[in-house]
Amino acid sequence: MGSQTQVEEGKRLFLEGCSSCHGIDAQGSANGPSLIGVGAASVHFQVATGRMPMAAPGAQAPSKEVIYTDEQIAAMSAWVASLAPGPAIPSAEQLDFADADIAEGGVLFRINCAQCHQAAGGGGALTQGKYAPSLMDATPQEIYEAMLTGPQNMPVFSDETLPVEEKQQILAYIDSLQEASSPGGMSLGRLGPVVEGLFMWTVVFAALIAAAVWIGIKAR
Amino acid sequence: MSDNIDANLPAQPEHSGDGTVKPGYLPVAPIEHKPRVTDTDPKAARRAERQVASMFALSMILVVVFVIAYVTIDVTAVVYVPVLGEIGASNLVLGLTFGGAIFFIGAGAIQWAKKLMPDVEVVQERHSMESSTSEETEAAGNYERGKEESGFARYKIIRRSLLGAMALFPIPLIVMLRDLWQSEPGQNPAEILSSTSWNDGMRIVPDIGHDTGENVQGIRPEEIPVGGLVSALPMSIKDLKKDAVANMRDRGKSAIILVRMDPEEIRSQQGEGWDYQGILAYSKICTHVGCPIALYEHRTHHLLCPCHQSTFDLADSGDVIFGPSARRMPQLPIRLDEEGFLVAQSDFQEPIGPSFWERG
Amino acid sequence: MSTTNTTAHPVEKVGAAGATFVDQRLGSNKFLSRNLSKVFPEHWSFMLGEIALYSFIVVLLTGTYLTLFYKPSMAEVIYDGSYVPLNGIYMSEAYASTLNISFDIRGGLLIRQMHHWSALIFVAAVAVHMFRVFFTGAFRKPRELNWIVGVALTTLALAAGFTGYSLPDDLLSGTGLQIIRGILQSIPLIGTWLAFFVFGGEYPGGEIISRLYSAHILLVPGLILALITVHLIMVWTQKHTQFPGPGRTNNNVVGYPLLPIYMAKAGGFFFIVFGIVALLSGLVNINPVWIFGPYTPDQVTAGTQPDWYIGWLDGALRLMPNWETVIAGFTISWNVFIPSVVVPGILFTGLAFYPFLEAWATGDKREHNLLDRPRNAPVRTGIGVMAIVFYGILWLAGGNDLVATTFDLSINALSWTLRVLLIVAPPLAFIITKRTCLSLQRRDRDKLLHGYESGRILRLPHGEFVEVHQPLNEKELAVISSKPDTAVLPAPEKSDADRVRNPRYLVHSLRHRLSAFFYGDNIPRPTAQEIEAGQHHADDQAAVEAPLLEYEERDVIVNAHGGVLHHPGMPTTNADQRTSSDNNT
């Protein structure tokens, strides 16, 4: 729970930068949902990744430049948390995945995450121009908070649905994806056969045609 | 011009003015030919010879490097290369040396042909593919003789019974393919496709991989938040752990997803009271061609299949709202059991997965 | 073969003795005498079939190596190799052995990647080679049978690729198998039984991987090898076609002999293709199956696509509207059946029979050994471009979710756009191609009659400005005049002079209209009188330009616009300038 001044500061920042879409009391409006009960974790996730404030209302909130400092984000989180109980910002213990089983994390990742974020965490398309973003640059805290709060159209994976231990395993797996080397050479984004096929048709085939032309050209 | 000024110069095709051609040689084509540098300049020819030989030599060196690399580079080692990133060291070096060794054999051979073999075009006549009239007559005569001597045309009953025997003998081969599927008597694919492991009272368990169903009694509704998504299976999957085929089979037909939405937002369902306080259970197998489907947008309630983009509205009986699927997503009716866990009310009321002829 | 030359190298002596040994048993000298000097024409586009052949050989060699380590078994094992993120995970033996090859066998990943890259290249080369043969009309008599063999090879190449990439039993390719099961099931009447027979029971069963394996290493390559042999024998005995050019006629082959030139060039090219594949496999990762995880029928990844050559079928499945009919309790899934069975069925059948269709439509029964320039067969070229556009749109649709995320589009809008384009773009492409070909034909005719524009402007004595045209050189003349005569078949009579009705009137009428469609718009070759008139015109111009050419002997420089700059003492003369500009054209 934040201190009184922190909560007041958070309210002030909220009124300045968020109330036009989320309502003066965070009750929501046509342009933004209610924030009552979303918890500090939601606020931290959305603002610390630059998703909020949005450039324009819509279903997709791409991550962009962060415009608030850590203290300001903490203040806004504290204020929203004070409105109603909701998911808290994960603690350092919760985010500690050092002992988590990477392989189990992989299994959970493929069950719960790969269908939107792609098996390598490269992201994928949703309907009507929305997308599930790439996970390659996400921090463990962002990932945990996203699972916990279900931002935008992402489903909510609460700590009852997906216990802390399982979340840590997923964090460990995503970390391994981010750190992974590419054993067979340049990775082409690990997005699958489409990119590989394009690469073959352009670079490789060009080389083969060039070789064929070279063979036929009369020597000087 | 058969005497070269210098033994290093490329040979020139032999052709004499009177049109006769030496054995093994071909007449030169009557078109303009410009000599190459290597045709006239012995120094250039020697340079080309050295170039070709050095490519072959480089190939040999690369083979040696390959063997050394194979033996010394650890198969798990990683190396950073600009542009390529962090990549496997063994694969990189083995590929470059092996590839280079082979490539330079090819490049050497081609340079040899281009620079040091004659590039004077020669001519060869084509003949029409059609055979001569005498050959045609001979062939036709053979056919007539064959017809006469075999009596194929004359002995009608031999002919007909032979055709019958030839037509029938492949049948055992086809019949023996029947046990590609070793079925029990009376088994019928359509019936099998029309039922799953779900029944009244079957507990729902979350999918966590191989140990699904172990150490867990079920899912309580309080554990699923509004906007939540849980991939789930029937509790009976636990008994199939040792039987991989049965395990996979059941996952392929009984897999479901549980989603929770505000009950106000449910516009329609496939049956009265099939949800539990806003928790809905739908099949996880797409009704288009059968990909698993779990991409759930919790605000729009849309379920999107990654394979061909069939989209279903889970707040509206799982109806198809976009894409090539013709059938809605089958809903599994659920309820709470006495101990407070979510269970199925019955099996699905329509076949899950892709459509088939006998589906009805 | 006599060996009386005492200065022969010892290796040559042994070789000659060996040749005699074989000849006395097999009569090989007859074969060698005819074939060692066999002439092959030279053009880079003739190497496309070679790329296909050599990449197939690489696939065979690397594939054989892989069979020593891969296990085609769906039995469940626990992984304990060196790839940490899968340690302790349950998976099929097929997947585990693929991981073993990729991570624990030195050179294993290299060979596996070479196998996969080479397979992609093989199918691509087959396609481009097929386009070359199509657009140059090399499938015409006597090569129609070879074309059919080629179409069969294309189908087998797709089968080889599909069965192959499904073998690692990873999540991505396994999803593809799940789709195949759905497609089989959708076939009316027999679908469910067919699906159960193929998979040995309910999906996925325990049989499919080993069945795909036997298809992939035995049945399909066996058929491919047999057909490649037939394909090459036909090319050998019918002799390769050639592009028109100086000295080249329909009854000869101009080029280089097999020994030594083509042995060196073709053999060298094999090593080059092999080498490029190996280099590529050391540098660029392909098909990282460890990222996708082991296959299980209730998981899927975003961005699920097959390898590129199956992508068009996936795209067809994505674009097809969701039509399904239920009649008397039986379901016909048009939405699956049409894109996966009907469309490829029509395409491949049409492809196989095209040579006969074109021959019938045009009444062309001649043997063709000189290749057509695509512009001289505008309808054929248009049909080809139309097919490529149709295929290309389906291909794009197969990757529509990746296109959407890359270019920030909505997959829904994209799918609708592609649906419309699929219907509208191919006919549009046909029209544009046909018109372009006809324009090029007109330009060729102009060149034949008047020569090509030289860029030199002449002012005639009466004040008119004309551009001087330069006559075509030998090569261009041969190429442009190679355009064949194409006549439209005459329209049939409904009944003859005795009022007897023509029983085949409809068929003949259709044929007449088809041949008019094919050749009716072709620009006719200039007649002899027209060429002569053109020649007169050129002569007149040359006569006017002749006095200017006197300047050749003088020491002046004429700049590009015809002005005269006096630079006494400079070495370059008009003659030098003109010859150097001629060489550049």
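The values are calculated or read from the model by the stated rules, or taken from the named source; none is laboratory data. Just so you know, these numbers come straight off a predicted model, no measurement behind them. Note that we place each Cβ from the backbone using ideal geometry, even for glycine, and neighbour counts take in every protein chain shown. Remember, those area values only see protein heavy atoms, side chains included, never the ligands or the DNA or RNA. Shrake-Rupley method; radii C 1.70, N 1.55, O 1.52, S 1.80 Å.
Identify, by number, the condition in (1) within 12 Å of chain B (Cβ to nearest Cβ); (2) without any contact (Cβ under 8 Å) to a residue 40 or more places away in the chain; (3) not hydroxyl-bearing (Ser, Thr, Tyr) that C:Glu42 doesn't meet.
Result: C:Glu42 fails condition (2) only.
So C:Leu259 passes all but one of these: (1) in contact (Cβ under 8 Å) with a residue 24 or more places away in the chain; (2) surrounded by 23 or more Cβ atoms within 10 Å (Cβ to Cβ); (3) more than 8 Å from chain B (Cβ to nearest Cβ). Which condition number does it fail?
(2)
To keep it simple, each residue is scored yes or no on (1) in contact with a His (Cβ under 9 Å, 6 or more places away or on another chain); (2) of a type in the set (A, V, I, L, M, F, W, C).
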| residue | (1), (2) |
| --- | --- |
| B:Ala190 | no, yes |
| B:Val205 | no, yes |
| B:Asp211 | no, no |
| B:Ile219 | no, yes |
| B:Pro225 | no, no |
| B:Ser236 | no, no |
| B:Val259 | yes, yes |
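Checking B:Asp200 against (1) at pLDDT below 95; (2) surrounded by 10 or more Cβ atoms within 10 Å (Cβ to Cβ); (3) part of a loop (DSSP other than H, G, I, E, B), which test does it fail?
(1)
In the stretch C:463-482, is there at least one residue being touching a strand residue (DSSP E or B) at 6+ places or on another chain (Cβ under 6 Å) and free of Cβ contacts under 8 Å to residues at least 60 places away in the same chain?
yes
Assess whether C:Arg435 counts as being over 30 Å from C:Arg140 (Cα atoms) and in a helix (DSSP H, G or I). Steps first, answer last, please.
On the way: over 30 Å from C:Arg140 (Cα atoms): no; in a helix (DSSP H, G or I): yes.
No; evaluated as a whole, the condition is false for this residue.
From (1) over 12 Å from the mean Cα position of the chain (by Cα); (2) surrounded by 17 or more Cβ atoms within 10 Å (Cβ to Cβ); (3) part of a loop (DSSP other than H, G, I, E, B), pick out the condition that doesn't hold for A:Ile67.
In the conditions (1) over 12 Å from the mean Cα position of the chain (by Cα); (2) surrounded by 17 or more Cβ atoms within 10 Å (Cβ to Cβ); (3) part of a loop (DSSP other than H, G, I, E, B), A:Ile67 misses (2) alone.
Name the single residue that is least open to solvent (accessible area, probe 1.4 Å) among those in the stretch A:99-113 being within 7 Å of chain C (Cβ to nearest Cβ) and out of contact with any Leu (no Cβ under 8 Å at 6 or more places or on another chain).
For the stretch A:99-113, the residue satisfying everything is A:Ile111.
Tell me the helices (runs of 4 or more DSSP H) entirely within the stretch C:26-132 that contain at least 1 residues that are under 27 Å from B:Val67 (Cα atoms) and in contact with a strand residue (DSSP E or B) (Cβ under 9 Å, 6 or more places away or on another chain).
C:93-103
I'd like to check which helices (runs of 4 or more DSSP H) are fully inside the stretch A:141-220 and have at least 2 residues that are open to solvent by 10 Å² or more (accessible area, probe 1.4 Å) and closer than 30 Å to B:Pro221 by Cβ.
Working: elements: A:164-179, A:193-199, A:205-216.
Those helices (runs of 4 or more DSSP H) span A:164-179.
Being surrounded by fewer than 20 Cβ atoms within 10 Å (Cβ to Cβ) and within 12 Å of chain B (Cβ to nearest Cβ) narrows it down to one of C:Leu145, C:Leu177, C:Leu171, so name that one. Reasoning before the result, please.
Working: C:Leu177 fails: surrounded by fewer than 20 Cβ atoms within 10 Å (Cβ to Cβ); C:Leu171 fails: surrounded by fewer than 20 Cβ atoms within 10 Å (Cβ to Cβ).
Within the list C:Leu145, C:Leu177, C:Leu171, the selection yields C:Leu145.
So which helices (runs of 4 or more DSSP H) are wholly in the stretch A:83-140 and hold at least 1 residues that are within 20 Å of A:Ala59 (Cα to Cα) and of a type in the set (S, T, N, Q)?
Passing ranges, in order: A:114-117.
In the set C:Tyr309, C:Tyr295, which member is within 12 Å of chain A (Cβ to nearest Cβ), open to solvent by less than 10 Å² (accessible area, probe 1.4 Å) and aromatic (Phe, Trp, Tyr)? Break it down into steps so the answer makes sense when it comes.
Numbers: C:Tyr295 fails: open to solvent by less than 10 Å² (accessible area, probe 1.4 Å).
Within the list C:Tyr309, C:Tyr295, the selection yields C:Tyr309.
Within the stretch B:71-99, how many residues turn out to be open to solvent by 40 Å² or more (accessible area, probe 1.4 Å), of a type outside the set (A, V, I, L, M) and under 21 Å from C:Ile286 (Cβ atoms)?
Number satisfying all stated conditions: 5.
For the stretch B:250-360, please list each of the strands (runs of 3 or more DSSP E) lying entirely inside it that holds at least 1 residues being within 23 Å of A:Lys130 (Cα to Cα), of a type in the set (Val, Ile, Thr) and within 14 Å of another protein chain (Cβ to nearest Cβ).
B:256-260, B:311-313, B:319-322
Starting from residues that are of a type in the set (Phe, Trp, Tyr) and more than 20 Å from C:Thr296 (Cβ to Cβ), keep the ones in the stretch C:74-121 and report whichever is most open to solvent (accessible area, probe 1.4 Å).
Among those that are of a type in the set (Phe, Trp, Tyr) and more than 20 Å from C:Thr296 (Cβ to Cβ), it is C:Phe103.
For A:Gly123, indicate whether it is within 12 Å of the chain's Cα centre (by Cα), at positive phi and within 8 Å of chain C (Cβ to nearest Cβ).
Against the criterion (within 12 Å of the chain's Cα centre (by Cα), at positive phi and within 8 Å of chain C (Cβ to nearest Cβ)), A:Gly123 qualifies.
Keeping to the stretch C:288-317, report how many residues are within 21 Å of C:Val123 (Cα to Cα) and either under 24 Å from the mean Cα position of the chain (by Cα) or modelled with pLDDT under 95 (or both).
Residues in the stretch C:288-317 being within 21 Å of C:Val123 (Cα to Cα) and either under 24 Å from the mean Cα position of the chain (by Cα) or modelled with pLDDT under 95 (or both): 13 in total.
Considering only residues of the stretch C:457-515 that are β-branched (Val, Ile, Thr) and part of a loop (DSSP other than H, G, I, E, B), which is nearest to C:Arg366 (Cα to Cα)?
So, considering only residues that are β-branched (Val, Ile, Thr) and part of a loop (DSSP other than H, G, I, E, B), the one nearest to C:Arg366 (Cα to Cα) is C:Thr486.
If you go through the stretch B:101-140, how many residues are closer than 22 Å to C:Val58 by Cβ and at the interface with another protein chain (Cβ under 7 Å from one of its Cβ atoms)?
Total satisfying the criteria: 8.
Are there any pairs with C-beta distances below 6 angstrom linking a residue in the stretch C:195-211 that is more than 7 Å from every other protein chain (Cβ to nearest Cβ) to a residue that is in a helix (DSSP H, G or I) and surrounded by fewer than 20 Cβ atoms within 10 Å (Cβ to Cβ), with the two at least 6 apart or on different chains, and if so which?
Note: no pairs meet the criteria.
Among the numbered criteria (1) surrounded by fewer than 21 Cβ atoms within 10 Å (Cβ to Cβ); (2) in contact with an Asp or Glu (Cβ under 8 Å, 6 or more places away or on another chain), which one does B:Asp316 miss?
Unmet condition: (2).
Specify the residue that is most open to solvent (accessible area, probe 1.4 Å); the eligible residues are those in the stretch C:221-246 that are within 22 Å of C:Lys141 (Cα to Cα) and assigned to a loop (DSSP other than H, G, I, E, B).
Restricting to residues being within 22 Å of C:Lys141 (Cα to Cα) and assigned to a loop (DSSP other than H, G, I, E, B), the top hit is C:Phe243.
Checking the conditions here, which among C:Val336, C:Val379, C:Val341 is open to solvent by 40 Å² or more (accessible area, probe 1.4 Å), among the β-branched types (Val, Ile, Thr) and more than 13 Å from chain A (Cβ to nearest Cβ)?
Residue meeting the stated conditions: C:Val341.
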